[in-house]
Amino acid sequence: MASTPLTLDTINPKVLECEYAVRGEIVILAQKISHLPLIIIIIMLCSQILYCNIGNPQSLGQQPITFFREVLALCDHPALLEKAETRGLFSADSIERASEILHQIPGRATGAYSHSQGIKGLRDKIAAGIEARDGYPADPNDIFLTDGASPAVHTMMQLLIRSKNDGILCPIPQYPLYSASIALHGGTLVPYYLNEAAGWGLEIAELKNQLETAKSKGINVRALVVINPGNPTGQVLAENNQKQIVDFCKDEGLVLLADEVYQENIYVPDKQFQSFKKVARSMGYGEKDISLVSFQSVSKGYYGECGKRGGYMEVTGFSPEIREQIYKLASVNLCSNISGQILASLVMNPPKVGDESYESYLAEKHAILSSLARRAKQLEDAFNSLKGVTCNRAEGAMYLFPNIDLPKRAIEAAKAVNTAPDAFYARRLLNATGIVVVPGSGFGQVPGTWHFRCTILPQEDKIPAIVSRLTKFHKGFMDEFCD
Amino acid sequence: MSSKSLDYENLNENVKKCQYAVRGELYLRASELQKEGKKIIFTNVGNPHALGQKPLTFPRQVVALCQAPFLLDDPNVGLVFPADAIARAKHYLSMTSGGLGAYSDSRGLPGIRKEVAEFIERRDGYPSDPELIFLTGGASIGVMQILNTIIRGAHDGILVPVPQYPLYSATISLLGGSFVPYYLEETANWGLDIGNLRQSVTQARSQGITISVLNVALAYLVYLCICDKVRAMVIINPGNPTGQCLSEANLKKDTITPYIEILFNAHPFMLLQWRRYTRFSISLSPNVSGQIFMGLMVSPPKPGDISYERYVRESKGILESLRRRARIMTDGFNSCRNVVCNFTEGAMYSFPQIRLPPKAIEAAKSAGKVADVFYCLKLLEATGISTVPGSGFGQKEGVFHLRTTILPAEEDMPAIMASFNKFNDEFMEQYETRGLFKDVKRNGETSTCCLHKLASPEKQLASPPSLIPTFM
């Protein structure tokens, strides 16, 4: 009997092409090491593995926001609301909020599939939250609740990409969800380089240049991805920069895909988050002028709820026919997980002044954000103190992306073992110190430059140890490979 | 301003082709009517809790505790949660590094994958490797991920039963693959249809493909594999929408090059695993609450556990009720005029065949609707019962069905079946006798009289099925 085995030769080649360095080679190596017998780990490393590769705050000790978890627990087990003892275990406003949410769910059934865009009452709350944030109205029918922001990004790529001739403008460096998703859907990534010397600034001249180059190669550029605050680069766009970007998309007929998941992670007093929708509306542009998608997630911010899988996209400026198609795609998976939906509504509508939980909520939020700001600065300073390393400040997001001027001999040594030079450095770093970072080649960089992405998430008390181990390793590495 | 960058004309063709009737036209119309104040009974999707089924208590207790671990430190937690739920919450939390809020391994928490593998081994009597388990945010995602790995282009076919749950047709469309149907035979309790396969082989022969045949079914499938048309075969067991449970003999015969076998024989195996891992890792991890529910599903309370009695009572109660409702519904449909219905052996659906009179089919055409869509819309408007037309799942040409669920509450069932029966009678009355009323002039006055009623329903002639079913 003939069989058609699934091999690397016969697998979907788009699956082969797509790479996702955040959980790539270095991380897998780290996981292998962590599974080795203890004695070997002790011999190999000074102490335990420190995962600085992924924006996964709660895996490194960050605590969830109490009020959010209270509401979620009550919604997961509504029978609790019928017990008198529950009042002794939960805050009054969490009970009230859970009751309000359950009232908006038919049959109070949190285990039922919801509307494919998400529960209407929750979308109403999210739209109200967007309006309060931006000062411009938001329509609940424009909201599609998803299992994190990533599925929403995939949906848009699916709609936009017909063939390899369709291109999507992406920042370099970029969060590799975009490159992976474009590869998976068979499109072409059209890179635009952020300017490292100018704090990872986004220049319109560069956008225009790359657009023209792509067009001359016969590529239909369909959309522009902007990550603000940036990942891995952490820059927060200035408002006039955003206006230029909006005009660019409007003039060129590009869909603006605004990844705004780090909107609550801003660490510098001289910058502020403005949503692209707010900027566009402030310029007098409405539904007819610009097609805009904003992605938000519950995984980042000060809530850091990665494992809950919650998020949404707000879709404006599309025809009813396209809206129907987006709905259709959402309906094939029926709906996103309800707990994640509820969390998204809490994130966009947290406790307010006067609520019983407001003070403790605010204290928790403030503690997390100020700690992140401190860690960002400590690590930035540490990287900048290393020989041959320069590091732009993290204005926002959760990462640092230092530039290493690798010595020629290190580059040659890397080539000799068939490894990218920054991966070579990262592997040595892991083996020597247990620190896991992601090589810059996983995000894209100007050819001939080398970086790695390191999160600012290890707990504050671990930072000194990280800095000293890193410093020691780096000195040893440079001594070994410098002329 | 230049024209909109994304409009219907320049939309990905695969998205246009993709259809998913379960939340398609009927559901959208039902939602509209609901907004206008009409009472709707949603039987379009297998959504038990939406129709009043209560969640099991123990899993909800455990997940609530995992959701809010600070409860575990509260001295009063034992007043509200039983000890075994508390212990189990601690057990699952210890498997995580950071609780429910941290991304897990992209394949899911190793501890839970181990529980799943152990469950499979207990159930089947054969070992199962946790490294081959990928936990997903619902089964649909798993289906899509696997098909994404297999389908390279239009020359890659996936064998899918017809009727089928339209996740398969929708996903194959989206991925640009080919849907290769194998028809289930309604009169043989939805078993594999040999007649159809014979026809397909004849068709293949006419295209110049030579096949020496001993076993027609096997040969057809082999032919497809040789020509690289078919890369995988979908089997839905118990069936959706058809509800049949395949026998062991059936499975042995029908399962040719199942996907899992392919994976085991593939070279190089580990690199292939790595590639599938990459594809899964882009979505980072499935939601952790869902993973814990899966753990609870495969290792429920055991005899002797505090929550055991209640758990058994709740789950048995639900399953026995489903069995009774399956019976009520099947019998109810079979007692309706022009309706025949196979018994729901498993799953959650009833898939009655409605023998639509020619006049009804004509009326549907004039209204620009597929015949079963026409019937289901009328059913919805008359009774509020929201079903999914059989064309959404695939069926032989000229044969019509609708899918409903067996999920409405038991006490509501008799009224629902009576409501359906009444509507169906009126519909059949209208379309069987329409045109047979003659205006009779008597004493200068015109009156109408009915010439005759049809003695028996007209037989629907099942025309040879086309290889590519159209899903509306």
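Rounded, prolate or oblate: which one fits region A:314-407, using the alpha carbon gyration tensor with axes a ≥ b ≥ c (rounded when a/c is under 1.5, else prolate when a/b beats b/c, else oblate)? Show your work: numbers first, answer last.
On the way: a/c = 3.42, a/b = 1.46, b/c = 2.35.
Oblate, since a/c reaches 1.5 and b/c is not below a/b.
Please list, ordered by chain and number, the residues whose modelled amide H lies under 5 Å from the amide H of B:Ala232; skip anything fewer than 5 residues away on the same chain.
HN-HN under 5 Å from B:Ala232: B:Leu159.
Would you please give the residues with an amide H less than 5 Å from that of A:Trp200, counting only those at least 5 places away or on a separate chain, with H modeled from the backbone geometry?
Those lying under 5 Å, H to H, from A:Trp200 are A:Asn195.
Counting other beta carbons within 10 Å of each Cβ, put B:Arg88, A:Arg108, B:Arg60 in order, fewest first. Kindly include the intermediate steps, with their values, before the conclusion.
Working: B:Arg88 25, A:Arg108 15, B:Arg60 22.
Least to most surrounded, the residues fall as A:Arg108, B:Arg60, B:Arg88.
Which three extents, in angstrom, do the Cα atoms of chain A have along their principal axes, listed largest first?
70, 68, 58
Mind checking which of A:Val436, A:Thr419, A:Asn53 is farthest towards the positive end of chain A's charge dipole, using Cβ charges of +1 (Lys, Arg) and -1 (Asp, Glu) about the Cα centre?
Of A:Val436, A:Thr419, A:Asn53, it is A:Thr419.
Can you give the Rg to Rh ratio for the protein assembly as shown, taking only C-alpha atoms and Rh from Kirkwood? Can you show the working numbers first?
On the way: Rg = 29.9 Å, Rh = 30.4 Å.
Reported Rg/Rh (Cα atoms, Kirkwood Rh): 0.99.
Rounded, prolate or oblate, given the Cα gyration tensor of region A:165-255, with a/c below 1.5 counting as rounded?
Values: a/c = 1.81, a/b = 1.26, b/c = 1.43.
In terms of gyration-tensor shape, oblate.
Within 10 Å of each Cβ in peptide B:17-30, how many partner chain Cβ atoms are there on average? Round it to a whole number, please.
Values: counts 0, 5, 2, 8, 1, 4, 10, 2, 0, 0, 2, 3, 0, 0.
The shielding value for this peptide is 3.
Could you work out the mean count of beta carbons from other protein chains within 10 Å of each residue's beta carbon in A:293-302?
Working: counts 1, 0, 0, 0, 0, 1, 4, 0, 0, 0.
Mean inter-chain Cβ contacts per residue within 10 Å come to 1.
From the residues B:Val399, B:Tyr375, B:Gln164, which one has its Cα farthest along the dipole of the protein assembly as shown in the positive direction, the dipole being from +1 and -1 charges on Cβ of Lys/Arg and Asp/Glu about the Cα centre?
B:Val399
Given the -39500 (n - 2.57) contribution per DSSP H run of 4+ residues, what per-residue ellipticity at 222 nm results for the protein assembly as shown, rounded to the nearest 500 deg cm²/dmol? Before the final figure, lay out each step's value.
Numbers: 36 runs with 420 residues, N = 955.
Rounded to the nearest 500, the figure is -13500 deg cm²/dmol.
Determine the dipole magnitude for region A:113-347: charges of +1 sit on the beta-carbon of Lys and Arg, -1 on that of Asp and Glu, nothing else is charged, the reference point is the Cα centre, and the result goes in debye to the nearest 20.
Details: 22 positive and 25 negative charges, 92 e Å.
The dipole magnitude comes to about 440 debye.
Which of B:Tyr20, B:Ala89, B:Cys66 sits farthest toward the positive end of the charge dipole of region B:12-108, with +1 on the Cβ of Lys and Arg and -1 on the Cβ of Asp and Glu?
So the residue we want is B:Tyr20.
How well do other chains shield peptide A:107-118, expressed as the mean number of their Cβ atoms within 10 Å of each residue Cβ?
Values: counts 6, 1, 9, 3, 11, 10, 10, 2, 2, 3, 0, 0.
Mean shielding count: 5.
Under a Cβ-only charge scheme (Lys and Arg +1, Asp and Glu -1), can you give me the dipole magnitude of region A:268-316 about the Cα centre, in debye to the nearest 20? Please report the intermediate quantities before stating the final value.
Values: 8 positive and 5 negative charges, 18 e Å.
About 80 debye.
Note down the nm distance, to one decimal, between modelled labels 7 Å out along Cα→Cβ at B:Lys365 and at B:Glu314.
5.4
Mind listing P(r) for region A:113-347? All alpha-carbon pairs, 5 Å bins, whole percents.
P(r) for region A:113-347, in whole percents per bin: 1, 7, 15, 19, 21, 18, 12, 5, 2, 0.
Near A:Asp483, within a Cβ-to-Cβ distance under 10 Å, what is the net charge of the other residues, with Lys and Arg +1 and Asp and Glu -1? Don't skip to the end; give the middle numbers.
Details: positive: A:Lys408, A:Arg409; negative: none.
Counting the neighbours of A:Asp483, the net charge comes to +2.
Rank the residues B:Val162, A:Val437 as a footprinting-exposure proxy: fewest other Cβ atoms within 10 Å of their Cβ go first. Working shown, then result.
Details: B:Val162 22, A:Val437 27.
Going from sparsest to densest Cβ surroundings: B:Val162, A:Val437.
In whole angstrom, note down how far apart the Cα centers of region A:339-387 and region B:359-391 are.
54
Could you tell me which trypsin sites (Lys or Arg not before Pro) in region A:213-252 are loop residues by DSSP with no more than 14 other beta carbons within 10 angstrom of their beta carbon? Don't skip to the end; give the middle numbers.
Working: sites: A:Lys215, A:Lys217, A:Arg222, A:Lys243, A:Lys250; in loops: A:Lys217.
Here the sparse-neighbourhood loop sites are A:Lys217.
Karplus couplings for region A:55-67 from phi (6.51 cos²θ - 1.76 cosθ + 1.60, θ = phi - 60°), rounded to Hz, Gly and Pro as x?
x, 10, x, 6, 6, 10, x, 5, 8, x, 6, 4, 4
Any idea what the dipole of region A:306-380 comes to, in debye rounded to 20, about its Cα centre with Lys/Arg Cβ at +1 and Asp/Glu Cβ at -1?
Numbers: 9 positive and 8 negative charges, 61 e Å.
Approximately 300 debye in magnitude.
Read-outs: derived from the displayed coordinates by stated rules, not from any lab. Every value quoted in this text rests on a predicted model; they were computed, and no experiment measured them. Cβ coordinates were reconstructed from backbone atoms using ideal geometry, including for glycine residues, and neighbour counts include every protein chain displayed.
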